[in-house]
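The values are calculated or read from the model by the stated rules, or taken from the named source; none is laboratory data. Source: prediction; values computed, not measured. So basically every Cβ, Gly included, is an ideal-geometry build from the backbone, and we count neighbours across all protein chains shown.
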Amino acid sequence: MTHHHDAISYISGKSPALRGDVDVPGDKSMSHRSIMFGLLADGKTTVKGILTGEDVLCTADAARALGAEVTAQEDGTWVIKGNGLTNLTAPDRVLDMGNSGTSTRLLMGLVAGYDFNTSFTGDASLTKRPMGRVMKPLAQMGASFIDKNEGRLPLIVQGSSALRPITYELPVASAQVKSAILLAGLNADGKTTVIESKPTRDHTENMLRHFGATVETARLENGAYAISITGKPALTGCDIVIPADPSSAAFPVVAAILTPGSDIRLDNIGMNDRRAGIFTTLIEMGADITIENERDMAGEPVADLHVRYNGPLKGIDVPADRVPSMIDEFPILSMVAACADGTTRMTDLAELRVKESDRLLMVAEGLKKCGVSLEMGEDSLTIHGNGKPPAGGAEIETALDHRIAMSFLILGCATDNPVSVDDGTPIATSFPRFIPLMTALGAKIEKR
Ligand code: S3P
């Protein structure tokens, strides 16, 4: 596999007060979408603030294989030249999606409407993750599949230019599944509708509108959301500005919350309310986070964050209906809970078991090794904090999961004994400059 890395172990130790400005990289979800929609559009799309993490590079490679020209300018702006919705080329190679579930699931929907086969593979983490959740609706629309690994990669999508529009109720709260269906719907005649009972991130809807598609969202009587896309639009290249990723911002934010005396600033953080649940939760636990200069950046709400250490936080019950808006932040929230005063209860977490790793298990095992008392359920995690950081002094297994690696390295900045992770290389999938950026703030993180 081209994305194979040798493992590199990292260790973090008790750190002094963290201080400075953090330059958080661009939003991963929006970066993937900017390339994919640029591929489908006619003409030139420019993207400022794109994340150049490995996951996004996988999407860029796939876009090239499907006929787009994708280049980076010297000033960091990316340019995508697409040939229009009807002019994709059949890929002449297997698309290696590395560690990236978002690339895989969205692209499976994207290629479903073309009369060619697309072959997908990925790394040891991605090939364990369920793809049946997108195969089922795409099959209803008229695509077919060759999958010898029971709904997992490697698999082949056999597309069809005669896709049928469907109405599909999401069985799991998943923006990736929603997006795969909407992307297939671009090539179906008429309206394709996705119904979600819990609101998930809406970057696909917002950005596709920007490219010229008709996407309608309605609130149903039962509270669910219906998102409809009209097939065969004319998509035109456009200019995109991507805010900093709130999911990446959460790591330095929590590092400052856990390290006495810290005072840090983060600019241009995406504050879309379907993404920013972590900040609401941390503030409820007593964190000193000031949200300043709230404004609009190319259609997305952004703000600057000022975070100061404020003593140990208080354990809380995280409301279940907030889960989709902070789905990627439970590993790092668990580190806060482990240092908080009292019990933090997190429920409705079944999806955590099918992320880059089984995050419920990896968090629970790692925290136990660090001396934390907790109970893990099928889809819940209850963590008992003592109002001070746990002992630490453990080596953590990360199972190719960037967010598990970053979470425990940040915990180690606060514990009496250092915390190490068996492999920090997956951090490059979403936050390539995580280590230099954290050490510039004062964090004691290094190669072991
Ligand atoms: C993403 C959706 C979420 C999230 C992932 C990115 C997206 O996945 O965990 O990191 O960009 O659409 P699910 O759709 O599986 O919840």
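Listing for the model above:
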item	result
Strands (runs of 3 or more DSSP E) wholly inside the range 126-197 containing at least 3 residues that are in contact with a strand residue (DSSP E or B) (Cβ under 9 Å, 6 or more places away or on another chain) and farther than 17 Å from PHE116 by Cβ	167-169, 191-196
Matching residues in the range 251-280 - criterion: being under 20 Å from MET297 (Cβ atoms), of a type in the set (Gly, Ala, Ser) and assigned to a helix (DSSP H, G or I)	GLY277
Residue in the range 187-198 that is among the basic types (Lys, Arg) and either touching a His at 6+ places or on another chain (Cβ under 6 Å) or farther than 30 Å from ALA350 by Cβ (or both) present	yes
Strands (runs of 3 or more DSSP E) wholly inside the range 1-92 containing at least 2 residues that are touching a residue at least 60 places away in the same chain (Cβ under 8 Å)	10-13, 19-22, 42-48, 78-83
Positions within the range 233-250 being within 23 Å of the chain's Cα centre (by Cα) and not in a loop (DSSP other than H, G, I, E, B), in sequence order	ASP239, ILE240, VAL241, ALA244, PRO246, SER247, SER248, ALA249, ALA250
Residue count, the range 201-228 (criterion: touching a strand residue (DSSP E or B) at 6+ places or on another chain (Cβ under 9 Å), within 14 Å of the ligand (Cβ to nearest atom) and not in a helix (DSSP H, G or I))	2
Matching residues, the range 351-385, being closer than 25 Å to GLY98 by Cβ and over 16 Å from the mean Cα position of the chain (by Cα)	LEU360, LEU361, MET362, VAL363, GLU365, GLY366
Selection count where residues are part of a helix (DSSP H, G or I), of a type in the set (D, E, K, R) and in contact (Cβ under 8 Å) with a residue 60 or more places away in the chain, scope the range 343-388	1
Residue pairs meeting the criteria (Cβ under 7 Å; at least 6 apart or on separate chains; first free of Cβ contacts under 8 Å to residues at least 40 places away in the same chain, in the range 427-448; second hydrophobic (A, V, I, L, M, F, W, C))	ILE427/ALA405; ILE427/MET406; ILE427/PHE434; THR439/ILE445
The range 102-124, residues that are surrounded by 21 or more Cβ atoms within 10 Å (Cβ to Cβ), of a type outside the set (Lys, Arg) and under 19 Å from the mean Cα position of the chain (by Cα)	THR102, SER103, THR104, LEU106, LEU107, MET108, GLY109, LEU110, GLY122, ASP123
Candidates ALA255, ALA276, ALA287, filtered to the one that is small (Gly, Ala, Ser) and either touching a Gly at 6+ places or on another chain (Cβ under 8 Å) or modelled with pLDDT under 95 (or both)	ALA276
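Okay, residues lined up against (1) farther than 30 Å from GLU169 by Cβ; (2) out of contact with any Ser or Thr (no Cβ under 9 Å at 6 or more places or on another chain):
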| position | (1), (2) |
| --- | --- |
| ILE50 | yes, no |
| THR59 | no, no |
| LEU88 | no, yes |
| MET108 | no, no |
| ASP115 | no, no |
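Let's see how each residue does on (1) on the phi > 0 side of the Ramachandran plot; (2) of a type in the set (A, V, I, L, M, F, W, C); (3) under 23 Å from the mean Cα position of the chain (by Cα):
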site	(1), (2), (3)
GLY20	yes, no, no
SER31	no, no, yes
ALA41	no, yes, no
THR45	no, no, yes
LEU51	no, yes, yes
